[in-house]
1. Can you give me the angle between helix 138-150 and the longest principal axis of the chain, using Cα atoms only, in degrees from 0 to 90, rounded to the nearest 10?
2. Report the rotationally averaged projected area of the chain based on its alpha-carbon convex hull, in square nanometres.
3. Could you tell me how many degrees, from 0 to 90 and to the nearest 10, lie between the Cα long axis of helix 29-39 and the main elongation axis, the longest principal axis, of the Cα atoms of the chain?
4. Accessible area of the chain with a 1.4 Å probe: how many percent of it is carbon plus sulfur?
5. Please give the per residue accessible area of the stretch 37-90, computed with a probe of 1.4 Å over protein heavy atoms only, in Å².
6. With +1 assigned to the C-beta of every Lys and Arg and -1 to the C-beta of every Asp and Glu, and no other charges, what is the dipole magnitude of the chain about the Cα centre in debye, to the nearest 20?
7. So what's the gap between the Cα centers of the stretch 25-76 and the stretch 203-229, to the nearest angstrom?
8. May I ask for the angle, rounded to the nearest 10°, between helix 156-182 and the longest principal axis of the chain, with both axes built from Cα atoms and the value confined to 0 to 90°?
Amino acid sequence: MELTLLALAAVAGKSLLFAIAAILPIINPLATAPIFVAWTQGMGSDERNHLALTVGRYVTLLLASTMVLGSLVLDLFGISLPVVRVAGGIIVAYNPWLMLNTQEPAHDDSSQMAQTPTRQHARPDTLYPLSFPITCGPGSLAAAIAVGASLRTPRITETLASLAGALAGIVIVGTVVALTYRYATALLRKLGDVGQLVFLRLMAFLLLAVGVQIVWDGIRGLIVSLPAT
């Protein structure tokens with residue numbers, strides 16, 4: 001039975017919201033905004049805005065390609081989706097766990113890579129490491145794979161509608177990244193040092209909860225896949 005246009009629109013809308021809810025909290029551009037500010041010190045506003053737009057575009061392309069092709073790669077190597085969820089969830093939960101168990105804000109390799117480079121270094125490094133892995137890391141790519149795998153249904157029209165909605169959601173995620181980075185300096189100035197610390201700890205806790213949920217979903221999928229005895 002073919003779905004009506006209204007039903008297909010509802011499917012696309014559900015997939016759009018699902019993609020945003022699954023990926024945006026993991027990317028969390030507000031948490032990486034201080035890195036972007038440090039990366040672009042000494043740049044003019046026009047150049048910084050252009051760089052923010054470029055990062056948002058790269059993030060969109062990375063997530064979209066991973067979502068569309070990720071499940072095919074999993075099938076090629078014989079990796080199940082629950083295993084990806086467990087591995088991705090552990091990666092997602094690792095950094096926020098460190099942040100919540102240290103007295104000072106965690107300084108990872110990403111922040112070390114953002115040590116106020118010159119303009120000549122910033123431009124060619126927009127894809128790596130600013131877009132990946134600083135903004136769009138392994139956790140968000142694993143989430144994109146999970147989203148893409150969940151879109152497959154026996155009906156082609158429903159699958160295409162879900163894919164279109166999820167791709168639209170990823171475009172929105174990339175736009176949020178670009179806008180957050182564009183106005184990062186003003187946002188961080190309003191928060192202040194104490195506000196930034198509280199905000200980052202809160203985001204770390206929420207991200208830890210997301211990672212645990214992803215791990216649990218993977219474990220539950222593995223348990224369901226066990227042969228009945």
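1. Relative to the chain, helix 138-150 is tipped by roughly 20 degrees.
2. Details: hull surface 60.8 nm².
The number I arrive at for the chain is 15.2 nm².
3. On a 0 to 90 degree scale, this one is about 40.
4. Details: 8910 of 12830 Å².
Solvent-exposed carbon and sulfur of the chain make up 69 percent of the total.
5. Working: 2680 Å² over 54 residues.
Counting only protein heavy atoms, the per-residue value for the stretch 37-90 is 50 Å².
6. Values: 13 positive and 11 negative charges, 58 e Å.
Charge dipole, the chain, about its Cα centre: 280 debye, nearest 20.
7. Using only Cα atoms, the two centres lie 26 Å from each other.
8. Between helix and principal axis, roughly 10 degrees.
The values are calculated or read from the model by the stated rules, or taken from the named source; none is laboratory data. Here the structure is a predicted model, which is why all the values come from computation and not from measurement. All Cβ positions, even for glycine, are placed from backbone atoms using ideal geometry, and neighbour counts span all protein chains on display. Only protein heavy atoms, including side chains, enter the accessible area calculation; ligands, DNA and RNA are left aside. Shrake-Rupley method; radii C 1.70, N 1.55, O 1.52, S 1.80 Å.
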